[in-house]
Amino acid sequence: MKKSRKKISQSSVVYLDDANLLEMGTRHLTIVKHEEEIKVAQYGQWDGYPDGAGINILGFLSKVDLDHFKERLSLCEWATADTRQKQIEVVRKYTSVESLPDDIRQDGFLSMDESKMLEELYPESHRDTGSLILELITDGHFIKRAFSALNPSGEPTEVKFEVQPGKIFLDNSIAFAGDRVFCEWAWVIDLDTNELQVYTGQFNYDGSKSIFEDYDNPVRLLTTFDIDTLPDEAGFLSQCEAPEVTEEEALDFIEEIHKQKTN
């Protein structure tokens, strides 16, 4: 089912193409809770479903040294508007000053060239990083496989993204979980309970709000895994299946959203 969309930015960075690309993404959160605090609340634009971000997080938890991961979490701090502005200023030193008209640039928008440079210099600040933030925190880098027209073999090229030395400044996008219309999945690694909690934004599923109890209509807890006894991929995907949506439910949902917009 297609949802009506509007331009939304989940961080202090606004992308020029948000209005067109929101229709295509599976937006989600990757969250890490440790010592009763949210340490990571990373917004992701793409592939937030179980066989995307879910499988990536399953693989991460299956191999990671949790003690090392916890140590690396101490490097993470919430970014401020000033932090992000300084990053954008650096990004714009390496991109064309004519990439966007001045009035649009002043509104905080990034051109496609600037967005690519932001990902290269500060991948922790980019919406495309998503659940790969876990590898970035743990190892200081992650590898993406991407297809490129510059590669005549047609095979994907491996691209390495690295975090700058020192503190890792993250956007706190936790509030996005409070909007189940737009947040389709949330993946919560709770290091205090040693669990991976899976939340879905699917509107016909009314499970527990759990850690999102303070929000009116957040994503809902679908299932929970013990990190010490994680299943294989098939078992994981089977347990992450949300109930199917009937046509009647979809139409009722659309009508309710329209009512909310007009009130």
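The values are calculated or read from the model by the stated rules, or taken from the named source; none is laboratory data. All values reported here derive from a predicted model rather than from experimental measurement. Please note: Cβ atoms are built from the backbone with ideal geometry, for glycine as well, and neighbour counts cover all protein chains shown.
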_Selection count, region 175-207, where residues are within 22 Å of ASP252 (Cα to Cα), touching a Leu at 6+ places or on another chain (Cβ under 9 Å) and part of a loop (DSSP other than H, G, I, E, B)_ = 5
*asked:* Looking at ILE57 and the list (1) modelled with pLDDT under 95; (2) assigned to a helix (DSSP H, G or I), which single condition is not satisfied?
replied: (1)
_Hey, THR223 within 17 Å of ASP47 (Cβ to Cβ) and polar (S, T, N, Q) or not_ = no
*Of the residues that sit in region 17-45 and are surrounded by fewer than 18 Cβ atoms within 10 Å (Cβ to Cβ) and part of a loop (DSSP other than H, G, I, E, B), which one is modelled with the lowest pLDDT?*
ASP17
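Answer with yes or no whether GLY166 is in contact (Cβ under 8 Å) with a residue 40 or more places away in the chain, surrounded by fewer than 16 Cβ atoms within 10 Å (Cβ to Cβ) and over 27 Å from LEU58 (Cβ atoms). Before the answer, list the steps.
Details: in contact (Cβ under 8 Å) with a residue 40 or more places away in the chain: yes; surrounded by fewer than 16 Cβ atoms within 10 Å (Cβ to Cβ): yes; over 27 Å from LEU58 (Cβ atoms): yes.
Yes.
Would it be correct to say that GLN10 is of a type outside the set (Asp, Glu), crowded, with 19+ Cβ neighbours inside 10 Å and at pLDDT below 80? Please lay out each step first, then the result.
Details: of a type outside the set (Asp, Glu): yes; crowded, with 19+ Cβ neighbours inside 10 Å: yes; at pLDDT below 80: yes.
Yes.
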_If I filter region 223-239 down to residues being within 21 Å of HIS34 (Cα to Cα) and either in contact with a Ser or Thr (Cβ under 8 Å, 6 or more places away or on another chain) or touching a residue at least 12 places away in the same chain (Cβ under 8 Å) (or both), which single residue comes out as surrounded by the most Cβ atoms within 10 Å (Cβ to Cβ)?_
PHE225
*asked:* For ASP139, only one of the following conditions fails: (1) surrounded by 13 or more Cβ atoms within 10 Å (Cβ to Cβ); (2) in contact (Cβ under 8 Å) with a residue 60 or more places away in the chain; (3) over 30 Å from GLU241 (Cα atoms). What is its number?
replied: (2)
*Boolean, THR129 is in contact with a Pro (Cβ under 8 Å, 6 or more places away or on another chain) and either modelled with pLDDT of 95 or more or within 21 Å of SER74 (Cα to Cα) (or both)*: yes
_For region 181-199, give me the residue count where each residue is buried (at least 23 other Cβ atoms within 10 Å of the Cβ) and within 11 Å of ARG27 (Cα to Cα)._
3
*Give region 197-231 a look and list any residue that's acidic (Asp, Glu) and either out of contact with any helix residue (DSSP H, G or I) (no Cβ under 9 Å at 6 or more places or on another chain) or on the phi > 0 side of the Ramachandran plot (or both), or say none.*
ASP206, GLU213, ASP226, ASP228
_Criterion violated by PHE161 - all others in (1) within 30 Å of LYS86 (Cβ to Cβ); (2) touching a helix residue (DSSP H, G or I) at 6+ places or on another chain (Cβ under 6 Å); (3) at pLDDT 95 or above satisfied_ = (3)
